[in-house]
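Encoded as structure tokens, the structure appears first; notes follow it.
The numbers here are math on the coordinates, done by the rules we state, and not lab data. Just so it is clear, the structure is predicted and the values come from calculations on it, not from any experiment. A quick note on method: Cβ atoms are made from the backbone with ideal geometry, for glycine too, and the neighbour counts reach across all protein chains shown.
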Amino acid sequence: MYHPTDKLFNCIQRGHQNYLEVLPYFLMALFVGGLRYPRTYTACGVIFLLGRLIYFQGYSTGDPGKRYKGSISMIGGLPMILGLLVFGVQHLVASVRCTACTLRR
């Protein structure tokens, strides 16, 4: 699904495909993390999406090297991942405590 000679078309298509590859992970992180930290995840999500837009615009110029300006999306993406880790550990600790209380009875 690429054009054998049109490099610009291939770059635009690849930029779009890259967005679609990341979208499910982004949405899952946004929805799950947003349950606990809604404002923080909203801000991180906006930063992430703006970074992805910059990434796509740079990639679609035909020079894939220009996509690196879009790495600003990691400023929004990394806190989302870390927040999910904290959220998961909190739930794991709570479930272990709840199980321990149930077993004592």
* **Computed label-point distance, nm, for sites L53 and H91 using a 7 Å Cα→Cβ extension** => 3.1 nm
* Kindly state, to the nearest 0.05, the FRET efficiency for K66 paired with Y25, given R0 = 25 Å and r defined as their beta-carbon distance. => 0.55
* Hey, what angle do you get for helix 73-104 against the long axis of the chain, alpha-carbon based, 0 to 90 degrees rounded to 10? -> 20 degrees
* Estimated FRET transfer efficiency (V32, C98; beta-carbon r; R0 25 Å; 0.05) -> 0.80
* Asked: By its C-alpha gyration tensor, with a ≥ b ≥ c as the square roots of the eigenvalues, how is the chain shaped: rounded for a/c under 1.5, else prolate for a/b larger than b/c, else oblate?
  -> prolate
* Asked: Which angle between 0 and 90 degrees, to the nearest 10, do you get for helix 38-59 versus the longest principal axis of the chain when only C-alpha atoms count?
  -> 20 degrees
* Length gained when the stretch H16-M74 is fully extended (0.36 nm per residue, less Cα-Cα span) -> 19.1 nm
